[in-house]
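Nothing in this text is a laboratory measurement; each read-out follows from the coordinates by a stated rule. A quick note: this is a predicted structure, and the numbers were derived from the prediction, not measured. Cβ sites come from the backbone with ideal geometry, for glycine too, and all protein chains shown count toward neighbours.
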Amino acid sequence: MKKRVPISTIMTKNVIKLNLSDPLTKAEKLFKKHNIRHIPVVNGSKIVGMLSYTDLLRISFADAVFDDEEIDVVVYDMFEISQVMTKKIITIKEETTIKEAAEILASKEFHALPVLKDDHLTGIITTTDLIKYLLKQYEKVTEL
C-alpha cells in the first residue's frame, strides 16, 4: 500500500454545499436526492460548518416515524442551519495524506472532513470514501 498518497486523489471534488442562509428543507432535499450524509455549510466562499443528516434527524424525529413532508416543513422552519450545524469543524488540506485523514476520522466522533486549498473548499472526504479506497487496495493485493 502506498504511504504518502494525498487525500486529493480520493476526495469528492464536486461538493454539494449549503449556504448559511439556505432553509433546512433544502438540506433535506439534497441529502435525499444525492444519497449523502454530510454537507459543508459556507458563508460566501468561507466554510463555517458541517451539517449531517443525523443533525436533521435530531430536530425532526417525525421524519423517521412519518413520511409526511408537511411535518418536516413545520419543524425545519423553526430552525436555521446555523442552529443545527456543527460549528467546530476540523478541516484538512489537499496534500494531507490518506493515512493522516484516516487517523483523524478514527479518533473523532464525526465521519467527514472538508478539504481546503488556500482556505477555499475543494472537496470532502468521508469514512465511506476511505473504506472504498482500502477495499481497492486489498483487491490489488489479492490479485497478485
When segment 88-104 is examined, which residues are found to be charged (D, E, K, R) and in a helix (DSSP H, G or I)?
-> Lys99, Glu100, Glu103
For segment 105-138, what are the residues that are surrounded by 15 or more Cβ atoms within 10 Å (Cβ to Cβ), part of a helix (DSSP H, G or I) and among the aliphatic types (A, V, I, L, M)?
-> Leu105, Leu130
Lys87: passes all of (1) closer than 27 Å to Lys26 by Cα; (2) crowded, with 16+ Cβ neighbours inside 10 Å but (2)
Scan of segment 1-35 for residues that are part of a loop (DSSP other than H, G, I, E, B), surrounded by 14 or more Cβ atoms within 10 Å (Cβ to Cβ), touching a residue at least 40 places away in the same chain (Cβ under 8 Å) and not basic (Lys, Arg), ordered by number | Val5, Ile10, Met11, Val15, Leu20, Asp22, Pro23
Can you pull out the residues in segment 100-115 that are over 13 Å from the mean Cα position of the chain (by Cα) and of a type in the set (A, V, I, L, M, F, W, C)?
-> Ala101, Ala102, Ile104, Ala106
Subset of segment 38-54 (residues that are exposed (fewer than 15 other Cβ atoms within 10 Å of the Cβ) and either over 24 Å from Asp118 (Cβ atoms) or touching a residue at least 24 places away in the same chain (Cβ under 8 Å) (or both)) = Asn43, Ser45, Lys46, Thr54
